[in-house]
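The values are calculated or read from the model by the stated rules, or taken from the named source; none is laboratory data. Since the structure is predicted, the reported quantities are computational estimates derived from the model, not experimental observations. Note that each Cβ is placed from the backbone with ideal geometry, even for glycine, and that neighbours are counted across all protein chains shown. To get the accessible areas, we keep the full protein, side chains included, count just its heavy atoms, and leave off ligands, DNA and RNA. Shrake-Rupley method; radii C 1.70, N 1.55, O 1.52, S 1.80 Å.
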Amino acid sequence: MSLCYRCMEERGSEPVCIKCGFDSRSMGENTGPQLSPGTPLAEGKYLLGRVLGIGGFGITYLGYDTRLKIKVAIKEYFPRHIAGRALPDPQVKPHDEQAGIDFKDGLRYFLREAQTAAKFDSHQHVVAVKDYFEEHGTAYIVMGYIEGRPLSSHIDKHPFGRLSYQKTLEVMLPVFDALEKIHAANLLHRDISPENIYLTKDGTVKLIDFGAARYTFTSQTQSMSLTLKEGYAPVEQYSKNGEQGPWTDIYAAAATIYRALTGKVPPAALERLHDDALKPPSKLGAIIPAQAEKALLKALSLRIRDRYQDIAAFRKDLVAAMPRSGVAALFADRRVVAATLAALVILVAGTTFFLITKERTDERIPEEALRFIGKDADGNPLQPEQKEIERVRKPRAVKKHATAPAKAPAAAPQKKGEPSAPRMVVKEEPEEEEEPPAETPAPVEDPSRGRLRKVQDKNEVSFVKAYVPQGEPADLFKQALAFERAGNRRKALEYLEAACDQRYSIACYQEAKLSGDKRRYAVARQLFEGECAAGKGFACTNYGTMLANGEGGAKDISKARDILERSCKLDQAVACISLADMMAKGLGSVVDDPVMAAKFYKRACDLNSKEGCGRYADVLASGASGQQDGEKAAKYYYLRACQLGLSSACKKSK
């Protein structure tokens, strides 16, 4: 039997699959860390297909059970930051001795996940674990293959990237049911998020990925950030000794509901400790009952004792706030009720006026009324009376010109018996010369500040921007990048300017780069300097780069090195590489310093930067690092750079 490794359906003898159209001849050489399609596992019981996803701790493949003849999902334990493989050898090997200890600890947790999930194999809302085994120096979990999509994709495909309150609860109630069973067994999920909730084609909700947040290692300082999803993980998960319980999963579930209702991920818990900028969903445009919003914010409390202590109480308050019908859901919001009542009042008043008017259409309209509107009963214009004309507004004074007066036209002869037409008599007023207005200089438009629109009244003329994009600065910045990629430079500048006006530093910098405006460079540099002083690593990286390049002010190489070194200590790999480049070239010092450059390249590599690993390997291979057996060590770091996705390092690793 010939399988298509893309859909795991039989494709027959032809190279092109009749099910999905995949051409098996198009498969190139495997350059990543994943195993090649068609690799057998468990003595041929399973075959691997295409990769479904790669995370920090594992690779998930589409697989095929050769005995049961069904598709499965196969998850491989593969912590890329402490282990790797050199294909075609399928063995997974730790990078060093300490990494080997950490690898075994993580492997134990990985297998515990399989055992935990297997206890709930019969639950309809938990993905079924069918098998688990160890092979190739690592371990694998075989699960039922879910044909559907994650909740995150489901949310993104809806209008405005959000769900209604009722639709959100339809998805989350099955998740609450599964969590209640898990908590009753004194277990936790620890990784609830829209990515780990799947909606199958038949509408069933499935919870996947037990215990991902438990793969923590004692010696890897960056491992905690890899295991947690910011915005969904509560404060206690950032601490190794944090008190975790059902309230931990409740926080993550509430964050998932928040994301579905608003389209936005809540701020990270650690950020909220310093400045709690969490906005109620109703402030972000979500239509949610007041009682439900109160329950949601309680579940998102930073302090454990302020949250719900069990999932049943949280579910009860959310369900109690849910109206029984879709129409009632609208009236659960007082703002909608007020708007509806106002619309009804206007509708009733308009209908009443229409009916009264219609009843009186046959009545004779008084002459006074006709005279007021300037028409007769048949709708023809009336001739103006003399006294009405005399009340006409005084004509605007114009400059008097010395021209001969025009002769009045001769009156038409009046027929006998015909009443004379009323004469139009206009009261003459002395003409006045209007003094010419003082000349004012024409406004100069600043091309970097957007187009201007003229606004004029009787007293003054001013100029305002024709259009200013509205929204959160981060959203405006993303839209600007999209316009820039599409080649619409003008719209990109409009959105970047709007974000910069809200003091969004990276938008100011991008606007300056796109427009060449030196003032914007200065603004960006000032903002980055302030954010760097507040301990923001990315801001220090950008501030140091601007100092080194002389953007927005004077060039200061020495200060740039100090700022980039601070940013590197804040785990900014780009800063480490920039600093190492400066040291390798001797910028800011008397001579070049390849040994120190190698140190910072290695620091970037430890932060999983493929460029850092590649450049560190280059320094080792050149012998400039001062390290013994540098050439031998270079091959290892070339291999690591290759595994991280640097294709140019793959050939050098062999």
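Remarks
- Over 31 Å (Cα to Cα) - which of LYS201/LYS491; LYS585/LYS632; LYS45/LYS632; LYS279/LYS316; LYS104/LYS599; LYS167/LYS298 fall in this group: LYS201/LYS491; LYS45/LYS632
- When you count the other C-beta atoms within 10 angstrom of each residue and take the mean per peptide, 611-622, 270-281 line up highest first as 611-622, 270-281.
- Taking the charge dipole of segment 485-609 about its Cα centre, with +1 at Lys and Arg Cβ atoms and -1 at Asp and Glu Cβ atoms, the residue from ALA584, GLY544, TYR495 reaching farthest to the positive side is TYR495.
- Of interest is the spacing of the C-alpha centroids, which for segment 60-123 and segment 238-311 amounts to 32 Å.
- Amide proton proximity set for LEU278, modelled H, under 5 Å, gap of 5+: none
- In this structure, the amide hydrogen of VAL72, modeled 1.01 Å from its nitrogen in the peptide plane, lies closer than 5 angstrom to those of GLY63, TYR64, ASP65, counting only residues at least 5 positions away or on a different chain.
- LEU570 paired with VAL16, simple spin-label distance in nm, labels 7 Å along Cα-to-beta-carbon: 5.4
- Peptides ranked, highest mean first, by Cβ atoms within 10 Å: ranges 12-22, 551-561, 486-496: 486-496, 551-561, 12-22
- Using a simple spin-label model with pseudo-atoms 7 Å out from Cα toward Cβ, ARG489 and LYS119 lie 6.2 nm apart.
- Once the Cα-Cα distance is subtracted from the 0.36 nm per residue extended length, the LYS201 to LEU587 segment shows a gain of 133.1 nm.
- Per-residue packing, averaged as other Cβ atoms within 10 Å, sorts the ranges 134-145, 247-258 into the order 247-258, 134-145, beginning with the highest.
- In order through segment 18-23: 3J(HN,Hα) via Karplus (6.51 cos²θ - 1.76 cosθ + 1.60), integer Hz, x for Gly, Pro: 7, 8, 10, x, 6, 9
- Projecting the Cα atoms of PHE483, VAL468, TYR509 onto the dipole axis of segment 464-510, where Lys and Arg carry +1 and Asp and Glu carry -1 at the beta carbon, places PHE483 farthest toward the positive end.
- Solvent-free Debye scattering, log10 I(q)/I(0), computed from the Cα coordinates of segment 91-134 at q = 0.26 Å⁻¹: -0.88
- Overall dimensions of segment 493-605, expressed as equivalent-ellipsoid semi-axes from the Cα gyration tensor (√(5λ), whole Å, largest first), are 27, 14, 11.
- Taking all protein chains together and a 1.4 Å probe, the residues SER239, SER653 rank SER239, SER653 from largest to smallest accessible area.
- In summary, the convex hull built on the alpha carbon positions of segment 28-164 has an orientation-averaged projected area of 10.7 nm².
- The simple spin-label model puts a point 7 Å past each Cα toward its Cβ; for THR352 and ASN186 those points are separated by 7.0 nm.
- Dipole of segment 22-120 computed with +1 at Lys/Arg Cβ and -1 at Asp/Glu Cβ about the Cα centre; of ILE54, LEU87, LEU111, farthest Cα towards the positive end is LEU111.
- Solvent-accessible area assigned to carbon and sulfur over segment 482-622 amounts to 50 percent, based on a 1.4 Å probe.
- Check: segment 540-654 dipole with +1 on Lys, Arg Cβ and -1 on Asp, Glu Cβ, in debye: 400
- In this structure segment 1-138 gives 49 Å² per residue of accessible area when probed at 1.4 Å with all protein chains present.
- Nearest-0.05 FRET efficiency for LYS157 and ARG519, computed from C-beta distance (R0 41 Å): 0.50
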